[in-house]
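The values are calculated or read from the model by the stated rules, or taken from the named source; none is laboratory data. In this text the structure is predicted, and so the values were computed from the model without any measurement. Every residue, glycine among them, receives a Cβ derived from its backbone with ideal geometry; neighbour counts consider all protein chains shown.
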């Protein structure tokens, strides 16, 4: 091979090596750029895939509803279990946010929708022998609503509600029953675990009260927090009258006992005008 030919071949090899290097660098840049874009583009794609409708017009977006029966059952069990566990644990271990019936609902609702891994059990101190199955649809707070789970403004859901204050982390008992749950029946025997009983006691400073059904059937049971000054049914310790500033306490009661409660306004019967009925969370509302 003469000298000019060798030079041409060498130049061609250098050019080929340069092209291969440039192609490799371009591929690396594309890969790196894709990795850098993923955190911002992935949520946008997930949001676009969500069902942003409101099939029942109750203010709850479809992407929050648990339509899978297995997910509904898991939520019910977690919600009832978490609420009842607060009633049996030492007072020093109860979350300080639980001060009345509405805060018990909010706490149990939020915790039921979280991912129940080892860190959750460690953080909450909850100990159960047989944990329910996990919800698969989504976990709090990984939704377009973030931590703002509760509807606080009336009206059907609109996409703008995600940012206009229609949802919040806090909701009182009145808001929970009117905007975040729906009436199932006035017959308490139709209640399922995880359902809610609501009352409106006229003449009280805090007239709205709630209870959580933790077990159905012959041994149906409920749990609730009396709230400050014992606004919910039950006598203070030792039969004393409630005093202002009393933080209240948890109560676990059998439905059979509540039906014959000495104060008729707390009996969950259709004849009692103070009993609003059995309610169920909007996210459990099935397909039409």
Quick check on region 50-73. Is at least one of its residues modelled with pLDDT of 90 or more, more than 24 Å from residue 179 (Cβ to Cβ) and buried (at least 17 other Cβ atoms within 10 Å of the Cβ)? yes
Does residue 163 satisfy the criteria of being in contact with a strand residue (DSSP E or B) (Cβ under 8 Å, 6 or more places away or on another chain) and closer than 28 Å to residue 61 by Cβ? no
Pick from region 179-188 the residues that are out of contact with any helix residue (DSSP H, G or I) (no Cβ under 8 Å at 6 or more places or on another chain) and surrounded by fewer than 19 Cβ atoms within 10 Å (Cβ to Cβ): which of them is farthest from residue 156 (Cα to Cα)? 187
Within the group 15, 22, which residue is assigned to a helix (DSSP H, G or I), modelled with pLDDT under 55 and either farther than 18 Å from residue 222 by Cβ or within 17 Å of the chain's Cα centre (by Cα) (or both)? 22
Just the residues that are without any contact (Cβ under 8 Å) to a residue 60 or more places away in the chain and either closer than 17 Å to residue 55 by Cβ or not in a loop (DSSP other than H, G, I, E, B) (or both), please, taken from region 134-156. 150
Enumeration of residues in region 74-129 that are farther than 18 Å from residue 195 by Cβ, outside any helix (DSSP H, G or I) and touching a helix residue (DSSP H, G or I) at 6+ places or on another chain (Cβ under 9 Å): 94, 95, 97, 98, 99, 100, 114, 116, 125, 126, 127, 128
When you check residue 87 against the structure, is it within 22 Å of the chain's Cα centre (by Cα), assigned by TED's automatic domain parsing to the domain that holds residue 137 and at pLDDT 95 or above, yes or no? no
Residues in region 225-260 that are modelled with pLDDT under 95 and assigned to a loop (DSSP other than H, G, I, E, B): how many? 18
What about residue 197, is it assigned by TED's automatic domain parsing to the domain that holds residue 68 and within 17 Å of residue 83 (Cα to Cα)? yes
